[in-house]
Structures are given as structure tokens and as C-alpha cells.
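Quick note: the coordinates plus some simple rules give every number you see, no bench work behind them. Computed from a prediction, not measured in an experiment: that's the story for all the values here. All Cβ positions, glycine included, derive from the backbone under ideal geometry; neighbour counts span all protein chains shown.
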Amino acid sequence: MEKGKEVVTHVIHTFYPVIGGIEKVIYETAKRQSKKYSVYVVTSDKNKGKVENEEFIVRELKSIRLFNMPDLTLPLGYDEVLDQSDILHFHSQNSLFSVSLLRKAVKSKAKKVFTLMSVDSLKDHPNLLIRLFSPLYSKYTMDVVLSLSDVLIVKNERDRKILRENYYKDAFLVPDGIDDIYFTQPKDEKFKDEKMNGEDYVLYVGRLHKLKGRCFN
């Protein structure tokens, strides 16, 4: 830890080089925050690779994974950096890893921030077993998150509305960012579409599903 700098620690069950939305967002966030803070990422030992030559530090905890499901990764230990941090940022209420370490870090003096994702959406999960057990699982994880977190963050208005109406809690709305390279690079004329009439547009690449927390009309 660099003397004089605040310590920010992110907690998630898997991290880079694992490919995924959460992993990518935390990687990019940690990389940028490291310019101002001492940044750590506490994750499981299921990553199958290391992050090298970065300005933040990745700490892996020995863990077990139930039914080979990433969200059901259970930490078997504790990392002292959780007690030495100024801010603990936990990710995904569906992550047993994040929720378990939030409980274990209850005595830490750090401000505990929790980013919720796709609130109450497990009931729409493609896996039948997950849909069946989602009411009990979601009740447990949401109870822990809402009772022990100091600050809540959501990524979309749908989740914020559910928190307000169903849980009587409010949250900061912080959508995922976009790398500024996409705003600074000149447009490639060969991709110009006459049907767009010269207007700007945004291209989205991803899977549209209720599980993502999007609003569907």
C-alpha cells in the first residue's frame, strides 16, 4: 500500500483474465482508480491466470465452487486487506463470494459499497433449478446486502425502481462507462450508412435478456 493514498478494494468471485462483463468493468475501473488510489482486487483462486504489470494488486482466496456455477463460489478464507481498506466495493448480490465476504468484513471500518445487478432477475434465469431456488437464495443475499452495505449502486433505472418499490431502499445510478477512445477516434468514412442520414448512432453488442436487468416493452 502506498503511504498517504486511500485504499480501494474490489470484491468479486472471478476476475481477469476470465472473460465476462463484471470482470471487464472491474478491471477497467481498477486500472483507472489506481492513478489516484491504492487499489486491490480480492477474488477467488478460480481465475486460471494472473494479471501482470498492472498498477493494482490482485489477491486470490482459496475457494470452492458449487455445481460449477461462478456465482456459487464460496471463499474459504479472509484477506487482511479487507480490514486495511478505506473503501470496500463488492459486486453482484448474486455472488455468494461477494456476499460472504461482506458478512466477514462486518467489523471492518471501511465504507462498504455494493453494486447490485439485475435485481430479482434470477426468477427469469434459463436454468430451471436456479429459477426454483431463486426466491430463497435472493432473499438471503438481499437481506445481507441491504443490512450491511453503507452505499448501494445500480446500473439501470429498472433496478433502482425495484429497490425503491420492493425494498424501500435507494441507490446511486452509475451505468457502466465507455472507454474514451470511442469518442476521440475519427470516424471511418467507409462505414458511413446513407440510411442514417448523417446522424450519430450507438452500436450495442450483447445478449438481450431480462436477466440483464433491461426494461422490455
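Brief remarks on what is shown
- Chymotrypsin sites (Phe, Trp or Tyr not before Pro) restricted to DSSP loop in segment 117-170 with at most 14 other C-beta within 10 Å: Y168
- Fraction of beta bridges assigned by DSSP in segment 7-212 that are antiparallel (%, nearest 5): 10
- Net charge of Cβ neighbours under 14 Å - reference D45; Lys, Arg +1; Asp, Glu -1: +4
- Computed over all pairs of different Cα atoms, the Kirkwood value for the hydrodynamic radius of segment 1-66 is 12.1 Å.
- Three semi-axes of the equivalent ellipsoid, segment 7-212, Cα gyration tensor, whole Å, largest first: 30, 23, 18
- Cα gyration tensor shape for segment 131-173, rounded if a/c is under 1.5, else prolate or oblate: oblate
- Overall form of segment 1-112 per C-alpha gyration tensor (a/c, 1.5; a/b vs b/c): oblate
- Computed over segment 68-181, Kirkwood Rh from alpha-carbon pairs, angstrom: 15.0
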